[in-house]
Each structure stands twice: as C-alpha cells, then as structure tokens.
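The values are calculated or read from the model by the stated rules, or taken from the named source; none is laboratory data. Computed from a predicted structure; not experimentally measured. Counting neighbours? That spans all protein chains shown, and the Cβs are built from the backbone with ideal geometry, glycine included. These accessible areas exclude ligands, DNA and RNA; they are computed on the full protein's heavy atoms, side chains included. Shrake-Rupley method; radii C 1.70, N 1.55, O 1.52, S 1.80 Å.
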Amino acid sequence: MSAVAPLMAALQQGRIDEAAVLRGLEPVLAQDPTQPEALSAAGFCLLRLGKAAEAVQLLDLALQRQPDHWMARVNRAEALRAAGRPAEAAADYERALAQRAHPELWVNLAAALQAAGGPAAARAIPALEEALRLDPDSFAAWNNLGLHREDAGQMEEALACFEKAASLVPPGTEEEKEVAENLQRLFFEKGEAHRKDETPGAADRARAFYEGAIARYPHLAGLYLSQGNFWLDQCEMERARATFAKLLELEPENPVGLVNYGVALNFLGRPQEALDCYARAEKRNPDEEVSARLRWNRSFSLLALGRLREGFRDYEERFGQGHVPRLSGLRWEGGAFSGKTLLLQTEQGFGDAIQFVRYAVRAKALSPDGRVVAACGPALTRLFQRARGIDAVVPLDNPGPYDFQIPLMSLPLVFGTEAATIPGEVPYFDLPAGPRAPGPLRIGLVWSGNPKFQNDRRRSCPLSLLAPLGALPGTEWHSLQYGPAAGEAAAHPWLRGAPADLADFYETALRMQELDLILSVDTAAGHLAGALGRPLWFLLPHASEWRWLRDRDDSPWYPTARLFRQPAEGDWAGLVRALEAALREKARK
C-alpha cells in the first residue's frame, strides 16, 4: 500500500507516465491481487490510456473488496462513462457524492445523466446547480449549465451562463477557447435574430446589440460575421467590408468570412478582389453549403468582369440557393426540338425576365416547327405574347404539357454567350409605334425599384434630387413609376400622368412608345425600354449590378441605352448634375 501513493504523486507531478505507474503497481498486485488502493490506481491509469473496459474490470475488483472506497468509486464512474455506460456511471457518481460532496463530481454526474437520456436527463440541471452551490466559481459548472440551457431553448439564460464562465478563466487557456466557441455561437444566433427582425426599430436594436457585444468580446469572430451580414442587409457596403476585415484579422482563413468579404467587395465595385477572396476560401475546402454560396456569389464578379461563360456556369447555383423553383420534366440543353414543345420559365425579377426572353428567337431558330412557350405571371403575359420567338404564353403556376423546359436565365449558358456574342438586337417585342408630334422632349421617368429587393436602397434615387430637372427648358416629364413610390409624384407638379392606369408591362410599353426618352434606375421599366429599342438613360449606383459591366457608359445588352453612374458610392447629386448637362444638350437638338 505504501508504494501506491509515491507512484501517483510522481504521475501528478509529471515525472513518470501511466505506463510506468502500472509497472510499479505490478509487485503490489502480485502480493495482493485485490488490494483496493493499487486496483484503483491501476484502473485510473488504464482509463487515462484509453482502456476504459479494462479499467472497469479492475475497479469492480477494488469495490468488491472495499465497497466504500471513494476514489475507486469515482474512478469507476469515470471509466463507465468513457465506456459508453452513462446510466451506471451516474449511479456511481451518486454513491460517491453520498460519501463526499465535491463540485466536480456534480458536474460529471450532470454529464452522465444527460448522456443517459430519458427521465435521467431532467436531473442534469439540478446537478449543475448543486455544483454551483458548492463552488460558485466553477467554470465547468457554468459552461455546462449554459449548454443545457441552450438545449432547452433558454438562450438568454444560456448566454448569461457562458458570460459568467468566460469571466472565470484567463485568456489563452483551453477553457477560454471552449467558452469562446459557445459565446460565439449564441451571439451569432442572437445577432441573426436581430438581423431578421422586421418589427419597427429592429435595425436600431440590432446596431446597439452588435456594438455592445463587440465592446465586451472583441475577440469573437462570429460577432463580426453576423454584424457584417447586418451591414449587407442595410446596404452599408463599406461598413460590411470593414467588419468582415476585422473577422479575417482574427481568423484569416475562415472560409465563410472570406466569402462574405468577397460579397462586400463586389458590391463596392471591386470584383477582381472579390474573386481573390473566393479563391482563398475555395482552397480551405469548405463544406458544400459554403462552397455553393461561394459559387453563387462568384458568378456576379465573373459576370461583372465580362467573363460571361464562366459566370453563367456559376450562376446555375441559384437553384441550390433557393432563388428559382425547379420545374419537373426534361431540361433542355440546346439542340433541335422538332415537333416538340420547349417551355421557357420566367424567374426572379420582372427585369430579368424581360432581359432574357430575347433568347426565345435563338431557341425558335433551332426548330422552326417546334413550339416555344413562355411561362410567366399576369404582369408579363400580354407583353410576352408579342415577344419574338414565342408561340404561346401560359401561366407560370399551370404551364400545361411540355417536352422540355429551361429557366430563362440559363439560356446564355446553353448558347455559350460571351461578351462579344451577346444578342443585342432590339426591339424583340413587336408593338405599334406611338404617335409623334412636334414639341418639347417627352421624357418618361422611373426613380425607384421594388423596395423588397435587398439592394433597392442603393439603386433607387430620391425623387427630390431629380426635381431640378423638371425645370429644364424644352422638356416635358411623364411618370412611369409604379409600386409604392408612385404616389410621390403627386408632390411634384412638373411630373405628368399617373401610372395607376398602367395595368401591366404591355400598357407601360405602349406608353413608352409615345415618349422620346426614358430615364430609369436599374429596374424592370428600364429593361423594358431597352428591349423596345427606345432611347434610354440608366441611372446606376457607383458599383452597379453585374449586367452593366464596369467602366463603360453603354450596354451590349441594350444598344439604345446610355449609362450614367454615380461618381462615388451614394453620390446621386453628382449623377444628377451629369444628367442635367446631358439633357440640356439633348433638348437643344
């Protein structure tokens, strides 16, 4: 018996290892194979060496010899838990606690009860509370109690537990890393709940939450990830970029952080830098969900740089991102469909549908005796009935029989579209020309897009900034605005007409045929004017959407369009000054 204590002391001091202890115990056990102290020590060492089942056997012998041997009971509980026998382990912990209360044992009992499941799991939280009664500064008890509260859906209570645990450990320790992961997870979830909250004042509450949490825990990368997502939602792209940059200072190779940093860079008009981020993220072998999101966002940067073939290949990832419902039936991959019906599915926004229905002509040319049918909503039906290459228009939710199907925005990929081969022939809708009469320059105006679109804050121009244009001599202004912003025209008498009578895009198209020039922000009305071949001036953010490419004032998609870009991010006033100068010149002609 006297030989056991020195061996265990040497093990605790790191002077020998478990194998050496076992060798030292051999003479003791040879003399008395049921010596409890030696069996308990041997079982402990075997457990440390990963031999839980063998440890249980030795500890069983020790307890048969001395049932009240406290350390043997504790070691057997640990060995049973390691061997995957949590219910038996819990029983041993309780017997040991009945002999001698210890906060660590209460923590271990809670873990065994939770692992046992069933009714036993309900006793885990009281066990942790008992541990904290004995030791209010037990890191393990606070941290594990937080996990249990989290499992029970008690997020605020769980967060309070993790914060308490974090206050009990010095930085740089394994415990600090463990609780930091727990804090990060809950703070991220709480931030995401704030970010998705649509009740009044939610943005202010979210902003305050992030500022407070980051002030307390500036080392938690997950906080910067969620805050960066919040800034993306708010269209605060520079703030989003800066926030993701802080995340990457903490975790330089975080694939989600790299992808999101790339998203912000692309929104800021820096697509090549965004591609560099995506390439770094891809090297980290992220999981499939992150990889899919990487490809989806990479498509925008590739397309913006004019690398259309690569970009439209990545753009197919929109199906996995939930942006386009999948139609049943055989997908068309190009080639003849003689005597068959090809269904073209409209997708995403109205502008997307109007822009890409141009490919119907090319599809029809492959099989003049085949039928090309467009599936769309009511707002586009009458317009698409006049689209070249379309034989019939059917409801999107009830398209009827067809042989092949393809979403409209997959057609550039099927036809191998590159920057030099964009089908830019306009018009591709057959509508009668509007009446022409001498007089002032008749201008149609659209200043706002769909407010539900995430990027609408950046693309919509305040009507008040455009008001000085109404006083330009030789001009006559007509509102083509639709949606919630249409009512703003009532406060601007220089704007004529109310689009309330424009029932759909067909009637809007007829109105456009009567005008000399259309000014539009990046929304469906602008696409319609371009598709009709009408003189069109687009009002674009400094970093515009991918389809307008970069650093040019014309568009291969719409030859009659002229692009006006903000001189700097958010600088609508600078854009309006350029517009005014161009309009004065045009009105004089």
Heavy-atom accessible area per residue, the chain, 1.4 Å probe: how many Å²? 45
In terms of the ratio Rg/(2.2 N^0.38 Å) built on C-alpha atoms, what value belongs to segment 492-577? 1.14
By what distance, in whole Å, do the Cα atoms of segment 348-409 stretch along each of the three principal axes, largest value first? 28, 24, 19
Return the ratio Rg/(2.2 N^0.38 Å) for segment 282-433, where Rg is computed over Cα atoms only. 1.08
Quick check on the chain: helices-only [θ] at 222 nm, where DSSP H runs of length 4 and up contribute -39,500 (n - 2.57) each and the sum goes over total residues. Nearest 500, please. -16000 deg cm²/dmol
How much length, in nm to one decimal, is gained on full extension between S464 and A202, taken as 0.36 nm per residue of separation minus their Cα-Cα distance? 91.6 nm
Gain in span if fully extended, E54 to K452, counting 0.36 nm per residue against the direct Cα distance: 136.9 nm
Quick check: pseudo-label points 7 Å beyond the Cα along Cα→Cβ at E418 and A19, how many nm apart are they? 6.4
Approximate spin-label separation D551-D276, in nm, with each point projected 7 Å along Cα-to-Cβ: 1.5
With only Lys, Arg, Asp and Glu charged, each at its Cβ (+1 for the first two, -1 for the last two), find how big the charge dipole of segment 148-291 is about the Cα centre; round to the nearest 20 debye. 460
Taking the dipole of segment 76-203 about the Cα centre (Lys, Arg +1; Asp, Glu -1; charges at Cβ), the one of P200, Y93, V179 that reaches farthest to the positive side is Y93
Of all the Cα-Cα pairs you can form in segment 157-217, what percent are over 18 Å apart? 40
Please report the base-10 log of the normalised intensity I(q)/I(0) for segment 239-353, using a Debye sum with one equal scatterer per alpha carbon and no solvent, at each q in 0.16 (1/Å). -0.81
Project the alpha carbons of segment 426-560 onto their principal axes and report the range along each, largest first, in whole Å. 37, 35, 30
Here the alpha-carbon Rg of segment 99-256 over 2.2 N^0.38 Å rounds to 1.19
For segment 1-133, the Cα convex hull volume per residue in Å³ comes to 102
How big is Rg to Rh over segment 166-320, alpha-carbon atoms, Rh as the Kirkwood inverse-mean-distance radius? 1.01
As computed over the chain, the Cα convex hull volume per residue (Å³): 206
So what's segment 217-303 giving for Rg/Rh, alpha carbon basis, Kirkwood Rh from the mean inverse pair distance? 0.94
Leaving ligands, DNA and RNA out of it, work out the accessible area of F350 with a 1.4 Å probe and give it in Å² to the nearest 10. 100
How large is the Rg to Rh ratio of segment 128-184 when both quantities use alpha carbon positions and Rh follows Kirkwood? 0.95
So how many Å³ per residue does the convex hull of the Cα atoms of segment 536-589 work out to? 72
